[in-house]
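Worksheet for the structure shown next.
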Amino acid sequence: MSETTGFRCHFCDTCDGRGCIGELPGMGGVYENGNFIGNCMAWADYAPASGSRHAGSAAEGRLPIPVRLAPITGAIQNVGYPDEKAFYEDIIASSLKAGIRLSIGDGYPDEKLKFGIAALASFGAKGAVFIKPYENRKILERMEWAAGVAETVGVDIDSWAIVTMRNLVNLEKKDAARLLELKRAAKVPFMIKGIFRDEDIELVREVRPDIAVVSNHGGRVETLRGSTAAFLSAHGAELRRYAGAVWVDGGIRTGRDIGAAAALGADEVMMGRPLITALCKGGNEGVRDRVLALTGSI
């Protein structure tokens, strides 16, 4: 996939949100990309000291915590990929080749989640499965669809505020009772993703998920203004008291960013846009090279 014509990514030298302002659908976000830009900038404020246990080792090719592909859907309208099904196959294949962990996401229409499930199954792989906050009946149905490939399963609680799905489906703001129902039904570890407000911390305290994911959807949902790095710094220790593990996404671009996330208490990081860009520009090899470059930037 070396031909870049038609893709909605501008292939900026640095993917920091400044080249796609206002492009949603597309690769941009809300608030004139304010949270997208803030996510990217903030990690530098928390960079670990060189040689610390959170810094990793470029010499050994070792990152301090694992990297996971972020859940990505809407390849045609957001990425400009020519075929939705092919995108999920290509991004899963390239992530496997790069040696990172996997996840898939939900979307509208239902085929987007089903394409992700099929892509994982075709490689005999498992990943984290993130489901949009439909009514619980529909979420439980989706959990069954994904049963054969789900390493973990969870709800993207902030997606009720995502601009690109407005007026397409009925999404709801989840309360603790609804999330507890889903947690009890899950046959694999249960996740809450989209933690970015004080009320989200209260949900984590009540539900006690296996995994809490700090995220503002890459700056693509209407939520508080700020960065995931700053939120993790302020609330990571509290989240760890209520959840088995803490993951984070948003603006992570370098090995030092990953080290910062580790220093702030994250157990994993997720990456989305940089891997999309690498796939569109360089195919499987592009994603592998992008992941390998992380250790060179510690």
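Residue check: is N39 touching a Ser or Thr at 6+ places or on another chain (Cβ under 9 Å) and either in a helix (DSSP H, G or I) or surrounded by fewer than 20 Cβ atoms within 10 Å (Cβ to Cβ) (or both)? Yes; evaluated as a whole, the condition is true for this residue. Looking only at region 194-235, count every residue that is at positive phi and among the small types (G, A, S) and tell me the total. Selection size over region 194-235: 4. Residues considered: G56, G26, G80, G19. Of these, the only one that is at pLDDT 95 or above, over 20 Å from the mean Cα position of the chain (by Cα) and buried (at least 16 other Cβ atoms within 10 Å of the Cβ) is G19. Take region 239-272 and flag every residue that is in a helix (DSSP H, G or I), of a type in the set (A, V, I, L, M, F, W, C) and within 23 Å of R205 (Cβ to Cβ). L239, A261, listed by residue number.
Considering only region 165-187, how many residues are touching a helix residue (DSSP H, G or I) at 6+ places or on another chain (Cβ under 7 Å) and under 21 Å from A150 (Cα atoms)? Adding up the residues that qualify gives 8. Looking across region 148-170, the residues that are surrounded by fewer than 19 Cβ atoms within 10 Å (Cβ to Cβ), assigned to a loop (DSSP other than H, G, I, E, B) and either of a type in the set (S, T, N, Q) or in contact (Cβ under 8 Å) with a residue 24 or more places away in the chain (or both) come down to G148, N167, L168, V169, N170.
When R137 is tested against (1) more than 18 Å from the chain's Cα centre (by Cα); (2) more than 22 Å from A185 (Cα to Cα); (3) basic (K, R), exactly one condition is not met: (2).
The values are calculated or read from the model by the stated rules, or taken from the named source; none is laboratory data. Bear in mind that the values here come from a model prediction, so they are computed numbers and not experimental data. Every residue, glycine as well, gets a Cβ built from its backbone with ideal geometry; the counts of neighbours run over all protein chains shown.
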